[in-house]
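To start, the structure itself, in structure tokens.
Throughout, read-outs are computed from the coordinates displayed, never taken from laboratory work. Note that this is a predicted model, so its numbers are computed, not measured. Positions of Cβ are generated from backbone atoms using ideal geometry, with glycine treated the same way; all protein chains shown enter the neighbour counts.
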Amino acid sequence: MQRRDFLVLASLLITGCATKPAAKPEVAGMLFSETDRKTIIRFYSQGIDRKRSDPIPAQQIKPGDLLDTGLRPNKLPTELDKLLPYLPAPYTRLTLGADVILVNRDTHAVLDVIPQLAY
């Protein structure tokens, strides 16, 4: 190895060691805001006529899970959807069993869950 090659290699190694390590990507995702939660809870708690006699079991789904292919989530009722602010693509609010969930449509990732609410 020639001296010039050694110096170039040494400077590259030193520069690589002296650089700041890459920061971990922030895991900041979309969540239900407090206002959204209150609106959704108020909607389902005042609609006694919407409640079914046979309760729908809650799904065992939590933030970070992916929606399975066999699961059939439903859209929110139109009256409730009108009360909530618009969500940018690719996010959507759905009901899955008795749970209200916030989902990324592109990745099918569940971002937030309000459990045991929808009837």
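Tabulated data for the structure shown
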read-out: Region 92-102 - phi-based ³J(HN,Hα) in whole Hz, Karplus 6.51/-1.76/1.60, Gly and Pro as x; value: 8, 9, 9, 10, 9, x, 9, 9, 9, 10, 10
read-out: Built amide H within the under 5 Å cut-off of residue 99, gap 5+; value: 59, 116, 117, 118
read-out: Estimated distance in nm for a label pair at residue 65 and residue 39, the labels positioned 7 Å out from Cα along Cα-to-Cβ; value: 2.5 nm
read-out: Taking N as its residue count, the alpha carbon Rg of region 58-105 over 2.2 N^0.38 Å; value: 1.15
